[in-house]
Amino acid sequence: MIIKRSRGAHARRVSTLAAAALALTLAAPAHADELSDAVAADMPALMELYRDLHAHPELSFQEVETAKKLAARMRELGFAVTENVGKTGVVAVMENGAGPTVMLRADMDGLPVVEQTGLPFASKEVAVPASGVETGVMHACGHDTHMTAWIGAAQQLVERKDEWSGTLVMILQPAEEIGEGALAMIEDGLYTRFPKPDYVVAFHDAAQFPAGMIGYSPGYALANVDSVDITVPGVGGHGAYPHTTKDPIVLASAIVMKLQTLVSRESSPLDPTVVTVGSFHAGAKHNIISDEAKLQLTVRSYSDETRKLLLDGIARIARGEAIAAGMPEDKMPTVTVADPYTPSTFNSPDFTEEVMAGFRTRFGEDRVVEVPSVMGGEDFGQFLRADPDGLKSLIFWVGGVPQAQFDAAQKGEGTLPSLHSPFWAPDAEKVIATAAEALTAATLDLLPAAGQ
């Protein structure tokens, strides 16, 4: 199923988000109770954990020390813990009587980014990613806040074991940043070696609205992400005699221009799609026509049907333009689609609205806002795809922008760093406190009271 929204609906939601952000700057906490007080009491220790995680990030599938550290904490809380699931993933299980199974997920990996936040606990770690080039490492996507809030929720749920009945499965997922960790855990028996979930819930910090605000998108929330490589052969020669060559730069340029019609003329205007050529490499000298050009694309969509339309169209256009240029059959372009790809993330609509109704009661209408879907990717969608008929899934956002920074940007007095920026420094305390409370509250709402 694809969720289609008009430009007018999108604009209304953006306007609503801006209004809610303004209200958040003026409103007091909407619903203080025993749970929020308990999370607040845990915050000094949680912030100590956060600073440690932030200072010691690890790259995708290298999260050995991170996993070991947090697995030990979960054992201390009484969970049955299994490490090295999907290479470096962790699965912690607590069975507490009859009832459904809720799975809470946090991702662990940092990014190959040299931190420039100036924080006193800024990362100084270096590592070697798959590229083979040593780099600085940073939690530039906020996974340190994810893990810390995950621990905070675990602590609260253990303290409330007499309030719920069912099974709690809490997972630390590796390699989200390269889109492979969720699938690795599933293929390593996440749904067969451990209790199979009825509900899967996660959150992600957000760099576009104030710290403590909760955003959500029913239906498609994040996009399919495909990386596509096109190699365009040619017949090289002297730049002064182009008639004796088959210029791959001219052919590749024609392919680049024609690819844009996949979005503008073949996809529905109501079905968001992106085809971006991010790299074009060919030739090495002014007067030499090269014998090859290489293109690298990122392709974004929501539904599987639209993804197929785009990928099939890319292959058709590359071949068609080569035929039009007079290339022989043995000189056709090759199109390679990276496998695995990052699938779109779909929030089960009724389930999403049910959880958000609870959040509105707890946090207040001004702090819980429906936001536009994004064309960024998140491999969280793999968990629903592995059992589309048997479980319900939700990922929501928790704003991380410090209020003063957000207010200045609204006045045109500064810009907001995005996720993956070396300058991304969220208001971690508000992100963690909000997310830990939200994850705990959602789980308690999903699991029946003990004894029922």
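The values are calculated or read from the model by the stated rules, or taken from the named source; none is laboratory data. Nothing here was measured: the structure is a model prediction, and the numbers come from that model. With ideal geometry, Cβ positions are generated from the backbone for all residues, glycine too; neighbour counts draw on all protein chains shown.
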Being surrounded by 18 or more Cβ atoms within 10 Å (Cβ to Cβ) and of a type in the set (A, V, I, L, M) is the filter; apply it to segment 278-308 and report the residue that is nearest to ASP247 (Cα to Cα). ILE289
Quick one: in segment 90-116, of everything that is within 25 Å of TRP424 (Cβ to Cβ) and surrounded by fewer than 19 Cβ atoms within 10 Å (Cβ to Cβ), which residue is farthest from the chain's Cα centre (by Cα)? GLN116
Output the number of residues of segment 359-388 satisfying the condition of being of a type in the set (Gly, Ala, Ser) and closer than 12 Å to ILE214 by Cα. 1
So which helices (runs of 4 or more DSSP H) are wholly in segment 328-433 and hold at least 1 residues that are in contact with a Lys or Arg (Cβ under 6 Å, 6 or more places away or on another chain)? 349-363
Can you find even one residue in segment 58-77 that is in contact (Cβ under 8 Å) with a residue 24 or more places away in the chain and in contact with a Lys or Arg (Cβ under 8 Å, 6 or more places away or on another chain)? yes
Scan segment 302-323 and give yes if some residue there is hydrophobic (A, V, I, L, M, F, W, C) and not in a helix (DSSP H, G or I), otherwise no. no
LEU310: passes all of (1) more than 21 Å from GLU266 (Cα to Cα); (2) more than 17 Å from the chain's Cα centre (by Cα); (3) modelled with pLDDT of 95 or more but (1)
(1) at pLDDT below 95; (2) farther than 23 Å from ARG367 by Cα: which one isn't true of SER227, the others all being true? (1)
Restricting the search to segment 154-165, which residues are touching a Gly at 6+ places or on another chain (Cβ under 8 Å) and surrounded by 21 or more Cβ atoms within 10 Å (Cβ to Cβ)? TRP164
Out of the residues in segment 334-393 that are charged (D, E, K, R) and crowded, with 19+ Cβ neighbours inside 10 Å, state the one that is nearest to VAL200 (Cα to Cα). LYS392
Would you mind stating whether VAL256 is within 18 Å of LEU295 (Cα to Cα), part of a helix (DSSP H, G or I) and either under 30 Å from the mean Cα position of the chain (by Cα) or not hydrophobic (A, V, I, L, M, F, W, C) (or both)? yes
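Scan segment 366-390 residue by residue and report those that are over 17 Å from the mean Cα position of the chain (by Cα) and in contact (Cβ under 8 Å) with a residue 60 or more places away in the chain.
Going through segment 366-390, the residues over 17 Å from the mean Cα position of the chain (by Cα) turn out to be 366-370, 386-390.
If the condition is that a residue be over 17 Å from the mean Cα position of the chain (by Cα) and in contact (Cβ under 8 Å) with a residue 60 or more places away in the chain, then ASP366, ARG367, VAL368, VAL369, GLU370, ALA386, ASP387, GLY390 are the ones that fit.
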Unique match (being touching a His at 6+ places or on another chain (Cβ under 9 Å) and either closer than 17 Å to PHE346 by Cα or buried (at least 24 other Cβ atoms within 10 Å of the Cβ) (or both)) among ASP205, ASP198: ASP205
Out of (1) hydroxyl-bearing (Ser, Thr, Tyr); (2) within 30 Å of THR82 (Cα to Cα); (3) without any contact (Cβ under 8 Å) to a residue 40 or more places away in the chain, the odd one out for TYR191 is which? (3)
Give the residues of segment 193-226 that are under 15 Å from the mean Cα position of the chain (by Cα) and assigned to a loop (DSSP other than H, G, I, E, B), sorted by residue number. SER217, ALA223
